[in-house]
Amino acid sequence: MNIAIAQSGGPTCAINASLLGVFRHAAKYDEIETAFGSVNGIEGLIYDNLVKLDDIITDDNDVELIRQTPSTVLGSCRYKLPSYKDDPAIYETIVNNMRKHDIGAFFYIGGNDSMDTVMKLDDYFKANNIDIKVMGIPKTIDNDLPLTDHTPGFGSAAKYVATTMKEIIRDSSVYSVKSVTIVEIMGRDTGWLTASSAVLRADGESAPHLIYLPERKFSVKQFLDDIREIQKQYHAVIVAVSEGVELDEVEEFQSGNVDNFGHKYLAGVGKALEKIVAKEINCKVRSIELNVMQRCASHLSSKRDISEAERIGGAAVKAALDGESGKMMTFKRVANRPYNVRVESADVREIANRVKYFPSEWINEAGNDVTQDAIEYCLPLIQGEQNFRYQNGLPQHFVLKAALPRERKI
Ligand code: F6P
């Protein structure tokens, strides 16, 4: 049989390593002849836009470059499949295209919404006695997938956030005047990535002095009081705030746009808070939105994250060949010191469209900081640096020239 692999949802630094994990592991099995890449996630299977991975990953150099390239070499999508009961035609199209290429197993690398696709395909295949295995491979910088200790992509994003924050601390502490610097961090409705900035304390930094996560109700008045209090001790105050924090007393500052899964495009809380501080507290203030840099800065990726991403991709191939389907691969943390994880799998129905929030017991009582548990949890995930290949003084990237991008027809 042949297999198909696709990448879906928001990019990360580790999603290409998972693609490599599937591709390289599949090559070890006689049962698998060809691994196809589906371009732009599930859309590639709908529009029959597949590439033979053997044609594009031809030698060790390609492997090395793909491993260090951020984002998704096969493109991505935020495509919500209808239920097969409402629209069986799209499923018939997918199955016809899979049969045309003799695909017996499909691997979908993605987050909560992508697991919805895995679940729906598996439901359809099972209901119609179609023997095609479908497996989910986790990925998201948000780290919000249930039943897995963490998600590939999170460790690298956390390493970028903490490193950048450390550089911001150095820069913003040079003047003797009072200042407030607000750093806005991604993570959608969860605060995992914002909380990870606390790892700087392991390096003896006092900043970020204030950390606000969406898991706690935010009060603008309390925020201003918190800043005034911290200013008694530090002249350069650094604040980490999650993009998903909702502000009371403030008119809508988001664009109001939503994606296909109904998620709001979140951006602007840092700027909104900057304006409030400028008005209410008489001091220098800046806001910095880390934006997409935090999910594509592969030059600062965590080696452990990248190697785990590859490992979990490989494990998915074995699981499918062992007969598993409708599952997502997971990490179980066995120990923290020394760090050790086991790869397992869980029913995707327990994961799809669900959110794993940052533990409330890891947030301090005042709701403006995280506990030592958060630091202990994050530290192992940001360890190690990749050996990077550079050209002209710049990191080299692998770019798939054929077939990408293809405009959506329906
Ligand atoms: O889910 C990953 C993520 O990067 C979120 O942190 C962020 O809110 C969202 O994706 C951004 O979506 P898009 O990639 O569509 O801009």
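The values are calculated or read from the model by the stated rules, or taken from the named source; none is laboratory data. Being a predicted model, the structure only gives us computed values, none of them experimental. Cβ: placed from backbone, ideal geometry, glycine included. Neighbour counts: every protein chain shown. For the accessible areas, the whole protein counts, side chains as well, though only heavy atoms, and no ligand, DNA or RNA atoms are used. Shrake-Rupley method; radii C 1.70, N 1.55, O 1.52, S 1.80 Å.
Across the range 187-198, which residue is nearest to the ligand (Cβ to nearest atom) among those that are crowded, with 24+ Cβ neighbours inside 10 Å and more than 13 Å from Y212 (Cβ to Cβ)? Explain how you work it out, then say what you get.
Let us first name the residues in the range 187-198 that are crowded, with 24+ Cβ neighbours inside 10 Å, namely 187, 191-198.
With the extra rule that they be more than 13 Å from Y212 (Cβ to Cβ), the set shrinks to 192, 196.
Values: W192: 10, S196: 13 Å.
So, considering only residues that are crowded, with 24+ Cβ neighbours inside 10 Å and more than 13 Å from Y212 (Cβ to Cβ), the one nearest to the ligand (Cβ to nearest atom) is W192.
Taking the conditions exactly as written (touching a strand residue (DSSP E or B) at 6+ places or on another chain (Cβ under 6 Å) and aromatic (F, W, Y)), does Y108 satisfy them or not?
Values: touching a strand residue (DSSP E or B) at 6+ places or on another chain (Cβ under 6 Å): yes; aromatic (F, W, Y): yes.
Answer is yes for this residue.
From the residues in the range 232-270 that are more than 16 Å from the ligand (Cβ to nearest atom) and open to solvent by 80 Å² or more (accessible area, probe 1.4 Å), which one is nearest to the chain's Cα centre (by Cα)? Even if it seems obvious, please write down each step before you answer.
Looking only at the range 232-270, we keep the residues that are more than 16 Å from the ligand (Cβ to nearest atom), and these are 232-239, 247-252.
Subsequent filtering for residues that are open to solvent by 80 Å² or more (accessible area, probe 1.4 Å) retains 232-233, 249, 251-252.
On the way: K232: 37, Q233: 35, E249: 31, E251: 29, E252: 26 Å.
Within the range 232-270, the match that is nearest to the chain's Cα centre (by Cα) is E252.
Within the range 1-19, count every residue that is surrounded by fewer than 24 Cβ atoms within 10 Å (Cβ to Cβ) and not in a loop (DSSP other than H, G, I, E, B).
Selection size over the range 1-19: 1.
How about the range 26-54: which of its residues are part of a helix (DSSP H, G or I), open to solvent by 10 Å² or more (accessible area, probe 1.4 Å) and touching a residue at least 24 places away in the same chain (Cβ under 8 Å)? Spell out the reasoning first.
Initial filter on the range 26-54 (part of a helix (DSSP H, G or I)): 26, 43-46, 53-54.
Those still in the list that are open to solvent by 10 Å² or more (accessible area, probe 1.4 Å) too: 43, 46, 54.
Within the range 26-54, E43, I46 meet the criteria.
Of these, A272, A267, which one is closer than 20 Å to A157 by Cβ and either in contact with a Gly (Cβ under 9 Å, 6 or more places away or on another chain) or not β-branched (V, I, T) (or both)? So that I can check it myself, show each step before the final result.
On the way: A272 fails: closer than 20 Å to A157 by Cβ.
A267 is the lone residue from the list that is closer than 20 Å to A157 by Cβ and either in contact with a Gly (Cβ under 9 Å, 6 or more places away or on another chain) or not β-branched (V, I, T) (or both).
Cβ-Cβ below 7 Å, separation at least six or inter-chain, first residue in the range 321-347 and free of Cβ contacts under 8 Å to residues at least 12 places away in the same chain, second surrounded by 17 or more Cβ atoms within 10 Å (Cβ to Cβ): which pairs?
Correct list of pairs: V334/V341.
Restricted to the range 213-231, and to residues that are more than 16 Å from the ligand (Cβ to nearest atom) and under 25 Å from the mean Cα position of the chain (by Cα), which residue is most open to solvent (accessible area, probe 1.4 Å)?
The first filter runs over the range 213-231 and keeps only residues more than 16 Å from the ligand (Cβ to nearest atom), leaving 216-231.
If we keep only those that are under 25 Å from the mean Cα position of the chain (by Cα) as well, we get 216-218.
Numbers: R216: 77, K217: 193, F218: 15 Å².
The residue in question is K217.
In the set A14, A26, which member is in contact with a Pro (Cβ under 6 Å, 6 or more places away or on another chain) and at negative phi?
Answer to the check: A14.
Out of S176, S172, I need the residue that is open to solvent by 70 Å² or more (accessible area, probe 1.4 Å) and not charged (D, E, K, R). Which one?
Numbers: S172 fails: open to solvent by 70 Å² or more (accessible area, probe 1.4 Å).
Answer to the check: S176.
So which of L300, L290, L321 ends up being within 16 Å of the ligand (Cβ to nearest atom) and farther than 14 Å from P152 by Cα? Quick ask: steps written out before the conclusion?
Numbers: L300 fails: within 16 Å of the ligand (Cβ to nearest atom); L321 fails: within 16 Å of the ligand (Cβ to nearest atom).
Checking each option against the conditions leaves just L290.
Which members of the range 342-374 meet the condition of being assigned to a loop (DSSP other than H, G, I, E, B), open to solvent by less than 70 Å² (accessible area, probe 1.4 Å) and aromatic (F, W, Y)?
Residue satisfying the conditions is F358 alone.
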